[in-house]
Amino acid sequence: MDLLNALFRSPPWEAVRIGLHLAFGLALLFWLWQALKLGHAVPLRHLAKPRAWLLPASALITLALTAILAYQATWQLGGTARPQFIAFMQSHDRRQFNPAHWIQRGRILDQSGQVLAESRNRDGAAERVYPFGPILSHAVGYADARFGLSGIEAIANRALNGSTLDSLDDWSELGRQLLTQSKRPRGQDLVSTLDAGLQQLAVERLAAAKPVGRGAVVMLRPADGAVLVMASVPGFDPNQLQPSLFSGADPTTPLLNRATQGQYPPGSTFKVVLAAQALESGFRGRLDCPANGYTTSSRYRPIRDHEYYEAQRSGRSWAGHGALDLTTALAKSSNVFFAQLGVLAGHAALQKTGQRLLFNRSIAFVGGPSGRMQLQSAQLEPIPERDRYGLAQAAIGQGRATATPAYMALLAAAIANEGVAMRPRLLRDTQPESLTRFMSADTARRLRVMLRQAVSEGTGKGIETPGLEIAGKTGTAENPQGPSHSWFIGFAPASAPRLAFAVLVEHGGYGSTVAAPIARDLLLKAAEQGL
């Protein structure tokens, strides 16, 4: 393709193109001349007559081929009056001389008007430029003649390339400009819901996190699903796309959108799901949480609380939590409590909860002019009825349970929004859509109080900040490939939530010391901006 593009853009190509056209015309005239000569030839009466069905069949085939050629001709000659044609040519015809690539695509802006993507003229071609480079690479995406489309560039392709014109006159003018190249056509500018400042801070903090500098942050408005931050680190530079990027050779997988597609064990953040399940079922009791932990069989290692291991490392004894209620257990993030809670509720209860919370699903964002972006929800592999220990592990966010940061942010947003999950959206002018109800309004309100206590008095108290009123849940998820992942999900302010979030730091360790401070700093910046 590089060789062909170089040929098509070289100075001799115009003369070569005219020569090829003349050669094709001469070949067509020669074929017609031979056909006429054959028609005037003396009939060979001694040959057998053709079968009766042969002539109608030949006529049908000829008509079909003519119809196909005519249809193709209407696309080639009048295709500029069809938005599907423009979109198809931009998405699938990667040749640089393709006129559809001459369109100067509209700009993509953040919610305050900062330019996230724009087209600039370079050597007669429209070059797409991304001022923030890798910082917004997964959310904004790329539009490239060779590598296609992704992100907002893909879901809003028709609007950005001007293919959503309203009248026939508009389309006629676009077609004239493309065919004559008298004026460079321009697409529509679009405003996203993203906030470039918050996104930049999220990426910087993730990249600086020890030990590997990888992870994801999602922040959105619970009331309408508007996504302010969708950060995935490492990213890629859409200004410098190379074939090596798409080969899959880079072990850091920069093309992977960790926010929407990265599946991680959710650890203790998953206890929010079990707490919602318990509240919906009317649980009001206490469970004993001894220091020696809980197991479903002597064959399996006991599930213990992190205080046990801290005491063991420091050479002291620990008496255990004793009897805990649901609120205190969530604030203290007791593994022993929630492992027991999951087993007491049973396999069917967790399966039913998973169905209500859209586990094992692909969830679409609110659609743009050309399509939808997708996020993967929490994944819970089937747990056999006899496997009670597997159920206990899943109840504390380990074993067969995984989740994407985007889904955990959606779950936190649903709690903040009276139990209703709003479909996430990336374009400001799209209408908010309700996705589904995750839980009753009463359950959501009670969880809001519990999650506020988890920050003010529990594992998240290290980020307690006057004026922010953060509610959330920390998570430290064991990972067989290395150190634990660090999680923090939640919303603020707890009394009237305006922002919900999820922070995931790969191999970051304790959620309370790594992921939670990132969320706090983002909320501080958002508060400064009046968000």
### Task
Could you figure out which of (1) small (G, A, S); (2) closer than 22 Å to T328 by Cα; (3) buried (at least 16 other Cβ atoms within 10 Å of the Cβ) isn't true of A526?
(2)
### Message
Taking the condition of being loosely packed, with under 12 Cβ neighbours inside 10 Å and closer than 19 Å to Y130 by Cβ, how many residues in region 247-259 meet it?
### Response
0
### Message
From the list T269, T296, T327, exactly one residue is touching a residue at least 60 places away in the same chain (Cβ under 8 Å) and either farther than 21 Å from A471 by Cα or charged (D, E, K, R) (or both). Which is it?
### Response
T296
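Inside region 482-517, can you point out the residues that are part of a strand (DSSP E or B), in contact with a helix residue (DSSP H, G or I) (Cβ under 9 Å, 6 or more places away or on another chain) and among the small types (G, A, S)?
Correct list: S484, S486, G490, A492, A500, A502.
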### Message
Any residue at all in region 165-185 that's modelled with pLDDT of 60 or more, surrounded by 15 or more Cβ atoms within 10 Å (Cβ to Cβ) and in contact with a Lys or Arg (Cβ under 8 Å, 6 or more places away or on another chain)?
### Response
no
### Task
Would you point out which residue out of G354, G371, G346 is at pLDDT below 95, over 25 Å from T459 (Cα atoms) and assigned by TED's automatic domain parsing to the domain that holds F491?
G371
### Query
For region 385-393, does any single residue satisfy the condition of being more than 21 Å from K271 (Cβ to Cβ) and assigned by TED's automatic domain parsing to the domain that holds L330?
yes
### Task
Could you tell me whether any residue of region 210-223 is more than 26 Å from E118 (Cβ to Cβ), of a type in the set (A, V, I, L, M) and part of a loop (DSSP other than H, G, I, E, B)?
yes
### Message
Take the conditions touching a helix residue (DSSP H, G or I) at 6+ places or on another chain (Cβ under 8 Å), farther than 23 Å from D521 by Cβ and either in the same structural domain as H138 (by TED's automatic domain parsing) or of a type in the set (F, W, Y) (or both) and apply them to F270. Does it pass?
### Response
yes
### Query
Within region 275-305, which residues are more than 41 Å from the chain's Cα centre (by Cα) and in a helix (DSSP H, G or I)?
none
### Task
Select from region 303-317 the residues that are among the basic types (K, R) and either in contact (Cβ under 8 Å) with a residue 12 or more places away in the chain or closer than 26 Å to G390 by Cα (or both) and list them in ascending order.
R304
### Message
I'd like the full set of residues that are touching a Leu at 6+ places or on another chain (Cβ under 7 Å) and either of a type in the set (G, A, S) or within 18 Å of D305 (Cβ to Cβ) (or both), limited to region 451-485.
### Response
A454, A471, G472, K473
### Query
What are the residues in region 400-428 that are more than 21 Å from A154 (Cβ to Cβ) and assigned to a strand (DSSP E or B), if any?
A401, T402, A403, V420, A421, M422
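Within region 356-373, can you find the residues that are more than 15 Å from A409 (Cβ to Cβ) and not aromatic (F, W, Y)? Spell out how you get there, then give the answer.
Residues of region 356-373 that are more than 15 Å from A409 (Cβ to Cβ), as a first pass: 356, 359-362, 364, 366-372.
Passing the criteria: R356, N360, R361, S362, A364, V366, G367, G368, P369, S370, G371, R372.
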#### Entry: Which listed residue is modelled with pLDDT of 85 or more, outside the structural domain of L427 (by TED's automatic domain parsing) and surrounded by fewer than 20 Cβ atoms within 10 Å (Cβ to Cβ), from P99, P134
P134
### Summary
Scanning region 415-429 for residues that are farther than 17 Å from T260 by Cβ and either in contact with a Pro (Cβ under 7 Å, 6 or more places away or on another chain) or not basic (K, R) (or both), the one surrounded by the most Cβ atoms within 10 Å (Cβ to Cβ) turns out to be I415
### Task
Could you tell me which residue of region 186-209 is modelled with the highest pLDDT, considering only residues that are farther than 19 Å from A526 by Cα and assigned to a loop (DSSP other than H, G, I, E, B)?
A209
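Please pick out the residue among P211, P222, P266, P238 that is touching a strand residue (DSSP E or B) at 6+ places or on another chain (Cβ under 8 Å) and surrounded by fewer than 17 Cβ atoms within 10 Å (Cβ to Cβ). Write out each step before concluding.
On the way: P222 fails: surrounded by fewer than 17 Cβ atoms within 10 Å (Cβ to Cβ); P266 fails: surrounded by fewer than 17 Cβ atoms within 10 Å (Cβ to Cβ); P238 fails: surrounded by fewer than 17 Cβ atoms within 10 Å (Cβ to Cβ).
It is P211.
The values are calculated or read from the model by the stated rules, or taken from the named source; none is laboratory data. On a predicted model such as this, the values are computed, not experimentally measured, just so you know. Cβ sites come from the backbone with ideal geometry, for glycine too, and all protein chains shown count toward neighbours.
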